[in-house]
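Participant: Pasting in a structure now, in structure tokens, and then I'll have a few things to ask.
The values are calculated or read from the model by the stated rules, or taken from the named source; none is laboratory data. Given the structure is predicted, the values throughout are model-derived calculations rather than measurements. Ideal geometry is used to build each Cβ from the backbone, glycine not excepted, and the neighbour counts take in all protein chains shown.
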Amino acid sequence: MYKQFARMLSNGSVFFGVFLSLAYMLAKAPLLLWGQMELNPPKLLLALFLLSSLLLSSVVLLVRFRRVYGCCFLVLFNILFLLNLIANDFSSFGFFKYASLSILISLTAIVYCITPKRHSLAEVLLVFAGLLAIYGCLAVLWEVIKGQQFALRESIGLNGPIVFGQLMVISSALFLLYGNRRFIIASVPAALSLLSFSKGPILSGLFILFLKRKKIFVLLLLLLPVFALMSPIDLFDNRLFYFIESLYEAVASSDTSLLFSGSNYGSIGSRLDQYVLAVNLLSEHPLGIGLGQWSLVSEHEYPHNYLVEILVEQGLVFGLGSLLAVLFFFTKITDRNLKYVVVMFFLFSMFSGSIVDNRGIYLVILLGLLYRQSEY
């Protein structure tokens, strides 16, 4: 174990893994710091200059190291970002959520290029997963000491319950896909994710388990009723029981409106309202309403759905272009396991968060392009 750690320390995998952990966790900092400030022309020009400098530096390094697809990915993302700024109005929130993404992927490309290349992607991702798991254990331990009742779905550590659940599922999935003694180690962050009581991350994690360990997945489904019967009732989210009851009543009475009322509204009905609003906005503004402008037409800052956010804010032209670009570069990833991780992040994005909250889609695609085997 010591020799393996020493080798990973010397070959750059620990350094790059630590960077990825910090970069991923702090990626929203520009948005949180400046997302609500007034963005006047001098500040906008300064921000664009800084973003352009980072992009130019990363492009020069990527060209030098022949990371062609990675270079194209960065350039295309920033070109589409700029075109959206030119084509439509935008808010400070809209500008800085895309600026935060641009900074994340540009810095990642730069650090990749200056890190020794004697390591593998698997080693980097295992360091990343290990740091997330350590953070999760410390966060849960702290909340236990404070006497927190996790069923109340309050913040865990530095994150809300949904984000904490996502972080633990990311760690578990990476251990399952790339680690030795995979299931044993992956089960630790997986168990921590259950404390978030968040359906989206847990379901996304089950997707990875189904892909890599179908027998264990089936066994888990068989043991689930036994676990439910042996567990105290207050361990479960009451909304789950209400949803099951309303589902039965909706089927029995053929009245689907029951699924979108009562306590179901916050989880299902409110999202349905956002989707109906999105269809109306697309019909009225096919070229988009502008980055960060969702809050002008809704009580939320974003629709909590990646596809809806991209299409409504960027419009059918730039929005479809952005999604097709993501799909194209996704197909260029040669690591099948990494493709599973991208799909997992995509599943996250269907349930919660804005585009910068779902930055894992862009970060993992970039890693897949940087570590493409055919480009070595």
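Participant: Picking from Glu154, Glu123, Glu143, which residue would you name as being surrounded by fewer than 16 Cβ atoms within 10 Å (Cβ to Cβ) and charged (D, E, K, R)?
Facilitator: Glu154
Participant: In the range 172-189, how many residues are part of a helix (DSSP H, G or I), surrounded by fewer than 24 Cβ atoms within 10 Å (Cβ to Cβ) and of a type outside the set (Val, Ile, Thr)?
Facilitator: The total comes to 5.
Participant: Also, quick follow-up: Let me spell it out: the conditions are (1) part of a helix (DSSP H, G or I); (2) within 30 Å of Glu123 (Cα to Cα); (3) in contact with a helix residue (DSSP H, G or I) (Cβ under 8 Å, 6 or more places away or on another chain), and Ile333 meets all of them except one. Which number is the exception?
Facilitator: Looking at each condition in turn, Ile333 falls short on (1).
Participant: If I ask for residues that are hydrophobic (A, V, I, L, M, F, W, C) and in contact with a strand residue (DSSP E or B) (Cβ under 9 Å, 6 or more places away or on another chain), which ones from the range 169-204 would you list?
Facilitator: The answer is Leu192, Leu195.
Participant: Would you call Gln314 at pLDDT 65 or above, in the same structural domain as Phe346 (by TED's automatic domain parsing) and part of a helix (DSSP H, G or I)?
Facilitator: yes
Participant: If you don't mind, another one. Kindly list the number of the only condition in (1) surrounded by fewer than 16 Cβ atoms within 10 Å (Cβ to Cβ); (2) touching a residue at least 40 places away in the same chain (Cβ under 8 Å); (3) farther than 22 Å from Phe330 by Cβ that fails for Gly136.
Facilitator: If we test Gly136 against (1) surrounded by fewer than 16 Cβ atoms within 10 Å (Cβ to Cβ); (2) touching a residue at least 40 places away in the same chain (Cβ under 8 Å); (3) farther than 22 Å from Phe330 by Cβ, just (1) comes out false.
Participant: Okay, moving on. So, Phe351, is that one out of contact with any Asp or Glu (no Cβ under 8 Å at 6 or more places or on another chain), touching a residue at least 60 places away in the same chain (Cβ under 8 Å) and assigned to a loop (DSSP other than H, G, I, E, B) or not?
Facilitator: Yes, satisfied.
Participant: Still on this structure, please answer the following. Across the range 281-311, what is the total count of residues that are in a helix (DSSP H, G or I) and in contact with a Gly (Cβ under 7 Å, 6 or more places away or on another chain)?
Facilitator: Counting residues in the range 281-311 that are in a helix (DSSP H, G or I) and in contact with a Gly (Cβ under 7 Å, 6 or more places away or on another chain) gives 3.
Participant: Val169 - would you say it is surrounded by 22 or more Cβ atoms within 10 Å (Cβ to Cβ), over 17 Å from the mean Cα position of the chain (by Cα), part of a helix (DSSP H, G or I) and not assigned by TED's automatic domain parsing to the domain that holds Lys339?
Facilitator: No: the conditions fail for Val169.
Participant: Restricting to the range 57-97, count the residues that are under 26 Å from the mean Cα position of the chain (by Cα) and in a helix (DSSP H, G or I).
Facilitator: 28
Participant: Sticking with this one: Looking for whichever is under 26 Å from Ala325 (Cβ atoms) and either surrounded by fewer than 19 Cβ atoms within 10 Å (Cβ to Cβ) or in contact with a strand residue (DSSP E or B) (Cβ under 9 Å, 6 or more places away or on another chain) (or both) here; the options are Leu22, Leu74, Leu32, Leu56. Which one fits?
Facilitator: After ruling out the rest, the residue left standing is Leu56.
Participant: Would you point out the residue of the range 347-369, among those that are modelled with pLDDT under 95 and of a type in the set (A, V, I, L, M, F, W, C), that is farthest from Leu32 (Cα to Cα)?
Facilitator: Restricting to residues being modelled with pLDDT under 95 and of a type in the set (A, V, I, L, M, F, W, C), the top hit is Leu347.
Participant: Sticking with this one: Pick from Leu82, Leu132, Leu152: which is closer than 25 Å to Leu32 by Cβ and at pLDDT below 90?
Facilitator: Answer to the selection: Leu152.
Participant: Residue check, Phe328 against (1) in a helix (DSSP H, G or I); (2) modelled with pLDDT of 95 or more; (3) within 22 Å of Phe210 (Cα to Cα), all met but one. Which one?
Facilitator: For Phe328, the failing item is (3).
Participant: For Ala109, only one of the following conditions fails: (1) closer than 28 Å to Ala129 by Cβ; (2) in contact with a Gly (Cβ under 7 Å, 6 or more places away or on another chain); (3) surrounded by fewer than 22 Cβ atoms within 10 Å (Cβ to Cβ). What is its number?
Facilitator: Single failed check for Ala109: (3).
Participant: Checking Glu299 against (1) surrounded by 21 or more Cβ atoms within 10 Å (Cβ to Cβ); (2) farther than 27 Å from Gly205 by Cβ; (3) of a type in the set (D, E, K, R), which test does it fail?
Facilitator: (1)
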